[in-house]
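The values are calculated or read from the model by the stated rules, or taken from the named source; none is laboratory data. Treat the numbers as computed from the prediction; the structure is a model and nothing was measured. Glycine also receives a Cβ, built like all others from the backbone with ideal geometry; neighbour counts cover every protein chain displayed.
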Amino acid sequence: MNQNYFNWIQDIKFRIRSAQLKASVAVNTEMIRLYWDIGKSIVEKQTAHSWGSKVVEQMAKDLKNELPDTNGFSRSNLFAMRKFYHFYKDVEIVFPKQNLSQNVEFQDDKIVQQVDGQLNENSILCKIPWQHHISILSKCKKYEEAIFYINQTIQNNWSRNVLEIQLNSKLIERQGKAPNNFEHTLPKHQSDLAKEIFKDPYKFDFLTIESEIQELQLEKQLTDNITSFLLELGKGFAFVGRQYPLLVGNKERKLDLLFYHLKMHCYIVIDLKMEDFEPEFAGKMNYYLTAVDKQVKTEQDNPSIGIILCKSKDKIEVEYALQDINKPMGISAFLFSELPLNLKKNMPTVEELENQLNNIIQ
């Protein structure tokens, strides 16, 4: 077949997948709106007739009998629908114009998620799957928390498993909390984005290591678990290298970890410290960032940003250390799962393992 045929098939494939995606989104929207209406109906009937929770159990049995081939109306799911409506029913969810598609109708540059109790099809609540809602409702007590995780799910295209990891790690309490000097070293748009991206503390729960581990070993552990590491860093981070070499004068300097951020269009230098923050760390990072901007950064890239990850930090000391630094950087702590002391004591050393292996071979 010639190239024209191949291009035609590729175009048809793209259109099929696009149509499938649109159909999937439309189905999800209608299902969320249906579940909202059912939850609303349950709440209203219970209020009007003073019905207790048993009516929901009876409802599940009757729907199963009436619709034996239909799933999604179990007792637990009906209670979830009730909770879904009850959680959001008194909230007027609005969102900025720039976050919405062009075919949305606006009221004063914003869109309301419900009108007279009916869920608008453009509501943010319709943008994520039902099982994601169940996870969010099981963890969030406040509306603001729920909307944060809904927005993050939409922006990062999280699966339910990833969403639950972020919920369990209390991302909302860590996102955008790293002390920094971005406001004084970056243009406003870049500064706001940088503040939002970095966390404090970072949680490396996917590692189980000794508290006395050295920086090089920690680097190796993180890069050996690069998928989990990138998930904790957040969307947009692309791994460039570990112990990345830079020749400054006659000396070779090595960066612990170098990343590139696709949304911010800049290099991110990460310096790991298995100790408490010291003011000189900021001066060293300033030096690294100057070297990266001169040797690695191109004209198309924005100024490089540094993040110092240490075991702990004093807020006032960090503030003083960043006061006159002219390169953008943030300071964060990190947490990990420490190897239990009794397990460490019982673990054989490398030498003991080698001796045992030699004995077996002999």
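Here is a list: SER332, SER304. Which entry is touching a Cys at 6+ places or on another chain (Cβ under 6 Å), surrounded by 11 or more Cβ atoms within 10 Å (Cβ to Cβ), at pLDDT 95 or above and within 19 Å of GLY176 (Cα to Cα)?
SER304
Has region 179-187 got any residue that is without any contact (Cβ under 8 Å) to a residue 12 or more places away in the chain and either under 23 Å from SER228 (Cα atoms) or small (Gly, Ala, Ser) (or both)?
Among the residues of region 179-187, not one is without any contact (Cβ under 8 Å) to a residue 12 or more places away in the chain and either under 23 Å from SER228 (Cα atoms) or small (Gly, Ala, Ser) (or both), which makes the answer no.
Looking at the structure I just gave you, is ASP271 assigned by TED's automatic domain parsing to the domain that holds ALA238, assigned to a strand (DSSP E or B), surrounded by 11 or more Cβ atoms within 10 Å (Cβ to Cβ) and at pLDDT 95 or above?
yes
Conditions tested, residue by residue: (1) surrounded by fewer than 17 Cβ atoms within 10 Å (Cβ to Cβ); (2) assigned to a helix (DSSP H, G or I); (3) modelled with pLDDT under 90.
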residue	(1), (2), (3)
CYS126	no, yes, no
GLN131	yes, yes, no
LYS141	yes, no, no
ASN151	yes, yes, no
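So, SER41, is that one surrounded by 10 or more Cβ atoms within 10 Å (Cβ to Cβ) and either farther than 24 Å from HIS133 by Cα or free of Cβ contacts under 8 Å to residues at least 60 places away in the same chain (or both) or not?
Judged against the criteria, SER41 is a match.
Filter region 177-212 down to residues that are hydroxyl-bearing (Ser, Thr, Tyr) and in a strand (DSSP E or B) and give me whichever is modelled with the highest pLDDT.
Checking each candidate, the answer is TYR202.
Going by the conditions given, is GLU215 acidic (Asp, Glu), closer than 24 Å to LYS284 by Cβ, at pLDDT below 95 and over 18 Å from the mean Cα position of the chain (by Cα)?
yes
So which residues in region 307-321 are closer than 24 Å to LEU218 by Cβ, under 27 Å from the mean Cα position of the chain (by Cα) and not in a loop (DSSP other than H, G, I, E, B)?
ILE307, ILE308, LEU309, CYS310, LYS311, SER312, LYS315, VAL318
Which residue, of ASP205, ASP192, is within 18 Å of SER312 (Cα to Cα), assigned by TED's automatic domain parsing to the domain that holds GLN243 and either within 21 Å of the chain's Cα centre (by Cα) or among the β-branched types (Val, Ile, Thr) (or both)?
The conditions single out ASP205.
How many residues are within 12 Å of the chain's Cα centre (by Cα) and closer than 22 Å to GLY283 by Cα if we restrict to region 166-189?
Summing the residues that are within 12 Å of the chain's Cα centre (by Cα) and closer than 22 Å to GLY283 by Cα in region 166-189 gives 0.
Quick check on my filter: what residues within region 158-176 are part of a loop (DSSP other than H, G, I, E, B) and either aromatic (Phe, Trp, Tyr) or touching a residue at least 24 places away in the same chain (Cβ under 8 Å) (or both)?
Scanning region 158-176 gives TRP158, SER169, ARG174.
Conditions first: (1) among the charged types (D, E, K, R); (2) touching a helix residue (DSSP H, G or I) at 6+ places or on another chain (Cβ under 6 Å); (3) under 24 Å from CYS126 (Cβ atoms). ARG75 passes all but one, so which condition is the exception?
(3)
Inspect all residues belonging to region 223-238 and state whether any of them is under 20 Å from LYS313 (Cα atoms), in a loop (DSSP other than H, G, I, E, B), touching a residue at least 24 places away in the same chain (Cβ under 8 Å) and not small (Gly, Ala, Ser).
Taking every residue of region 223-238 in turn, none turns out to be under 20 Å from LYS313 (Cα atoms), in a loop (DSSP other than H, G, I, E, B), touching a residue at least 24 places away in the same chain (Cβ under 8 Å) and not small (Gly, Ala, Ser).
Applying the selection to region 166-178, what residues are closer than 22 Å to GLN323 by Cα and surrounded by fewer than 18 Cβ atoms within 10 Å (Cβ to Cβ)?
Those that are closer than 22 Å to GLN323 by Cα and surrounded by fewer than 18 Cβ atoms within 10 Å (Cβ to Cβ): GLY176, LYS177.
Filter region 274-306 down to residues that are outside any helix (DSSP H, G or I) and among the aliphatic types (A, V, I, L, M) and give me whichever is nearest to GLU319 (Cα to Cα).
ILE305
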